[in-house]
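These notes are about the structure you will find just below.
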Amino acid sequence: MKTAMRIAQFELERLLEEHERTKSLYVRIHGDHLIIGRREPFAPDGTLVDDDRVRLTRLSVSSYGLSVRRHTGQWERTPFSGSMKEMVETIQTFMQHLVASYA
């Protein structure tokens, strides 16, 4: 399973890099989740800090569910699910404000 998630991580990074809006996002693995975020200068000295934004949860070999991180730090499921490519398109279309840089 770890190898499958590592392959999924590389594929997701490739899909995100193809588009300007999502180009500088990071992807990390947490269990069956691919966490997508952006490094932002939140520290008082301007140090970049990881800021998780959205999450893809593996539902099957080729299907993922999309969740968003709330201001409380909790993850909230959305009604979106599908292939990884479809979820990246959904993020770029409907959730671009969530993955945009704050700077």
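Tell me the angle of helix 2-17 to the major Cα principal axis of the chain, expressed in degrees between 0 and 90 and rounded to the nearest ten. Long axis of 2-17 versus the principal axis of the chain: about 60 degrees.
The stretch between residue 90 and residue 59, if pulled fully straight at 0.36 nm per residue, gains 9.5 nm over its current Cα-Cα span.
Of the residues 60, 72, 98, the one whose Cα sits farthest toward the positive end of the charge dipole of the chain, with +1 on the Cβ of Lys and Arg and -1 on the Cβ of Asp and Glu, is 60.
Relative to the dominant Cα principal axis of the chain, helix 84-94 is inclined by about 40°.
All of the numbers you see were taken from the coordinates with simple rules; none came from a lab. Since we're looking at a predicted model, the values are computed, not measured. Using ideal geometry, Cβ is built from the backbone for each residue, glycine included, and neighbour counts are taken over all protein chains shown.
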